[in-house]
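Here's the structure, in structure tokens; my notes come after.
The values are calculated or read from the model by the stated rules, or taken from the named source; none is laboratory data. Everything numeric in this text was worked out from a predicted model, so none of it was measured. Every residue, glycine among them, receives a Cβ derived from its backbone with ideal geometry; neighbour counts consider all protein chains shown. Remember, those area values only see protein heavy atoms, side chains included, never the ligands or the DNA or RNA. Shrake-Rupley method; radii C 1.70, N 1.55, O 1.52, S 1.80 Å.
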Amino acid sequence: MKKRIYLGMLALCLALTATACGSSKDTTDTAADTAKTQENTEDKKAEVGTGRLVSVENVDKYITIGEYKGLILDNTVSAITDEDVQVQINEDLQDKAEPVSDGAQEGDLVTINYTGTIDGKTFDSGTANNYDFVVGQGTMFDEFEQGVIGMKKGDTKEIDIDFPSDYGDSTVAGQNVSYKVTVQNVRRAAELTDEWVAKNTDYTTVDEYKEGVRAQLEQDAKDSAEEVLKSTAWSTVLENSEVKEYPQEDLDNAVSEFKSSMEVYAKQADMTLEEFVESQGISQDDFDEQCTQYAEGKVKQNLIVQGIMDAEGISLDDKESLQIQNELVKQMEAGSLAELVSTYGQNYVDESVGLLRVEKLIVDNANVSEKVSEGDTVAENADAVADTDTQDEESVTDQEMEEELGTENVDGAETE
């Protein structure tokens, strides 16, 4: 478990040098704390293009960059079904659920406090306050959810659960646990009506609302597919590139960056870096190896990006890069470039802009096939998906008919 925590931190640090697409301020607070340690931000200039991404001028000496033009790629967009629209609507209704005074029913959002005891004694992980769950969704044991049905706000009840002997938590496995449950709140989703739509959305009718939900889901699917496309494009070039030699200065800087980021976590735990590494069940040799892996991954990325930018005459302060920089500020929900730099560091901003620029160049110069997927079916367009579904249905029908007749047609011969 401890190693997974540590490796999660490593992944976070590696993510700081990757594309910022899909990131947002509310999911990167810890990342911001980490990035603050990567540079002294006191004298940072709030502008892109303050320098190259690597310390060397001749990138070709250090890396052979894989082919980055003419890649054959698929841009597969998920088709949005009526079921997808209904699921989203149900979530919206649940989010707007309102308190009710009667007993909890299936589908209600219930807030409870509970304390579990075994033979009259409490145990770790057996107590929770203000715990939310939707009755009937299977979040809790069925006996627990059934026990809550009918309870009103303020009601208290004892619910007994017999945990199976193979249950994952050894504390309760094979035990009879008695839970004292107190209901704090019962909220129920409203019916979907024009009145609800007008009150809770930007639409006035149910039909308009459904169309709006579908349009948003379709846009989200396109955006998601585009991110996958860019990621695939970059990964292809990354995997096909080979480092000849790592610039030592860049490696040293990346190692220091990684150690600084880990020191943030150590400080939060009131430990030295050495104590923190030990607490994670990682040997010093393992930690040093992780530092090296991070540094080599970061430097390889920067060598590729800088090499392509050099070959294509791209700079971090040309018009298109500045446009990407402005989009990055909005995407990361920073008030300004100065705020973004102050939070994440100039290196992070420059590396992100460079990588986003190169990803776009790779995709723009690729042979991209536009496809639509629905479940396991992938086709060139939505109509083709529908046709495939129809063919599948017809195939099943034919098979059922043959089975019903007790015959199978093979090369025109009929056999029993």
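Specify the residue that is most open to solvent (accessible area, probe 1.4 Å); the eligible residues are those in region 312-332 that are in contact (Cβ under 8 Å) with a residue 40 or more places away in the chain and within 20 Å of Val59 (Cα to Cα). The selected residue is Asp317. For region 197-205, the count of residues that are open to solvent by 70 Å² or more (accessible area, probe 1.4 Å) and under 19 Å from Gly103 (Cα atoms) is zero.
Residues are listed down the side, and each one gets a yes or a no for (1) out of contact with any Pro (no Cβ under 8 Å at 6 or more places or on another chain); (2) at pLDDT 90 or above; (3) in a helix (DSSP H, G or I); (4) open to solvent by 10 Å² or more (accessible area, probe 1.4 Å):
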| site | (1), (2), (3), (4) |
| --- | --- |
| Thr343 | yes, no, yes, yes |
| Glu351 | yes, yes, yes, yes |
| Leu355 | yes, yes, yes, no |
| Lys360 | yes, yes, yes, yes |
| Val363 | yes, yes, yes, yes |
| Ser369 | yes, yes, no, yes |
| Val372 | yes, yes, no, yes |
| Val378 | yes, no, no, yes |
| Val385 | yes, no, yes, no |
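Residues considered: Thr122, Thr111. Of these, the only one that is open to solvent by 20 Å² or more (accessible area, probe 1.4 Å), β-branched (Val, Ile, Thr) and in a strand (DSSP E or B) is Thr122.
Here Thr34, Thr17, Thr64 are screened, and the one residue that is among the β-branched types (Val, Ile, Thr), more than 25 Å from Val197 (Cα to Cα) and at pLDDT 95 or above is Thr64.
Of the set (1) buried (at least 16 other Cβ atoms within 10 Å of the Cβ); (2) free of Cβ contacts under 8 Å to residues at least 12 places away in the same chain; (3) assigned to a helix (DSSP H, G or I), all apply to Arg214 but (2).
Scanning region 57-83 for residues that are of a type outside the set (Gly, Ala, Ser), part of a loop (DSSP other than H, G, I, E, B) and open to solvent by less than 40 Å² (accessible area, probe 1.4 Å), which turns out farthest from Lys210 (Cα to Cα)? Break it down into steps so the answer makes sense when it comes.
From region 57-83, those of a type outside the set (Gly, Ala, Ser) are 57-65, 67-69, 71-77, 80-83; that's our starting set.
So of that shortlist, the ones also part of a loop (DSSP other than H, G, I, E, B) come out as 57-58, 62, 65, 67-69, 71, 80-81.
Next, only the ones that are open to solvent by less than 40 Å² (accessible area, probe 1.4 Å) stay: 62, 68, 71, 80-81.
Values: Tyr62: 55, Tyr68: 42, Leu71: 38, Ile80: 12, Thr81: 12 Å.
By that ranking, first place goes to Tyr62.
Among the conditions (1) at pLDDT below 95; (2) within 30 Å of Lys222 (Cβ to Cβ), Glu83 misses just one, which is (1).
Which residues, counting only those in region 198-238, are β-branched (Val, Ile, Thr) and under 30 Å from Asn302 (Cα atoms)?
Filtering region 198-238 down to residues β-branched (Val, Ile, Thr) leaves 201, 204-206, 213, 228, 232, 236-237.
Val228, Thr232, Thr236, Val237, listed by residue number.
Sub-8 Å Cβ pairs linking a first residue in region 148-161 that is at positive phi to a second residue that is among the hydroxyl-bearing types (Ser, Thr, Tyr), at least 6 apart or interchain, are Gly154/Thr182, ordered by first then second residue. Being surrounded by 17 or more Cβ atoms within 10 Å (Cβ to Cβ), under 36 Å from the mean Cα position of the chain (by Cα) and part of a strand (DSSP E or B), is that true of even one residue in region 136-156? No, region 136-156 contains no residue that is surrounded by 17 or more Cβ atoms within 10 Å (Cβ to Cβ), under 36 Å from the mean Cα position of the chain (by Cα) and part of a strand (DSSP E or B).
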